[in-house]
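These notes are about the structure you will find just below.
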Amino acid sequence: DSVITYKWNSTNADSASSQYTVFPAYTSTDNCGGLIGSGPFTWVANSLNGSVTATAQSCQAGRTYTIAYTAVQAKSGLSTNKILTLIFSGNVTVPPPTVSLTGTAPGYLYPSNYINANVGTTINYNWSSTNADSAYSQYTVLPAYTSASNCGGLIGSGPFIWVANSTYGSDSGIVDACQAGRMYTITYTATKGGLNASQSLIVYVPLITASNNNYSNSDQMASVLMSISAVLENMLKLLR
């Protein structure tokens, strides 16, 4: 709670102004007076001379403030400035980022982190983060892509770049035939000041079989048995 007295003055000037920058930058959850970013922000020195006294605030702890006071001579257009750097001791508490990555598809009542989807299914993806400055995503695939079996010419298991490169967003895609029989692990990561958070979404695409188009092998077997049973019943009727 240190008290700081600021003084400024100028000569041969007609007007003056001041502004300041701050590092680390203010955030939505860690700031002074609701300001966001690193500035520049307007400061109090807007006269040819003056002074002000201020008490250091807890929200300033761990930050460096650079104040620039500029005086201007109207007739010549010349200006000059002086720089004051203030370093406030303490630690800035930077909240870690949080992330969410989910998918929805037919048959899923709620967004999920695991999607089982047949070829031709549309999957809707949603991602978001808090306390983050940037984000990126990537995915891996098993079994790995080969020269003879792949999607888009990709080879290997990855990681490959995915579409989620913003702090929030959405996208949708239709499961392609080249994805059948593979499991995809999509990882979305948000970062801030060296801190990061990640969440994964798994998409499994079953192999293309008769079950994808009509009905399962067990259903087919049951149908065959029912047909045989019907034939036997007719033969028994003829023998009676």
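The values are calculated or read from the model by the stated rules, or taken from the named source; none is laboratory data. This structure is a prediction, so every number in the text was calculated from the model and none was measured. All Cβ positions, glycine included, derive from the backbone under ideal geometry; neighbour counts span all protein chains shown. These accessible areas exclude ligands, DNA and RNA; they are computed on the full protein's heavy atoms, side chains included. Shrake-Rupley method; radii C 1.70, N 1.55, O 1.52, S 1.80 Å.
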At a probe size of 1.4 Å, how large is the accessible area of Phe23, to the nearest 10 Å²? 150
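In nm, what is the difference between 0.36 nm times the number of residues separating Asn124 and Asn12 and their Cα-Cα distance?
Gain on stretching Asn124 to Asn12: 33.7 nm.
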How high is the relative contact order of region 58-145, in percent, counting Cα pairs under 8 Å that sit 6 or more residues apart? 23
Taking a ≥ b ≥ c as the square roots of the eigenvalues of the Cα gyration tensor of region 1-121, is the shape rounded (a/c under 1.5), prolate (a/b larger than b/c) or oblate? prolate
Taking r as the C-beta separation of Ile83 and Ile36 and R0 as 30 Å, the FRET efficiency to the nearest 0.05 is 0.80
Roughly how many Å² of Tyr125 are accessible to a 1.4 Å probe, to the nearest 10? 30
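Rounded, prolate or oblate: pick one for region 31-96, where a ≥ b ≥ c are the square roots of the eigenvalues of its C-alpha gyration tensor, a/c under 1.5 means rounded, and failing that, prolate if a/b is larger than b/c, else oblate.
Prolate, since a/c reaches 1.5 and a/b exceeds b/c.
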Simple spin-label estimate for Thr146/Asn116, 7 Å along Cα→Cβ, in nm, reads 2.6
Under a crude label model (7 Å from the Cα following the beta-carbon direction), how far is Phe23 from Ala54 in nanometres? 1.9
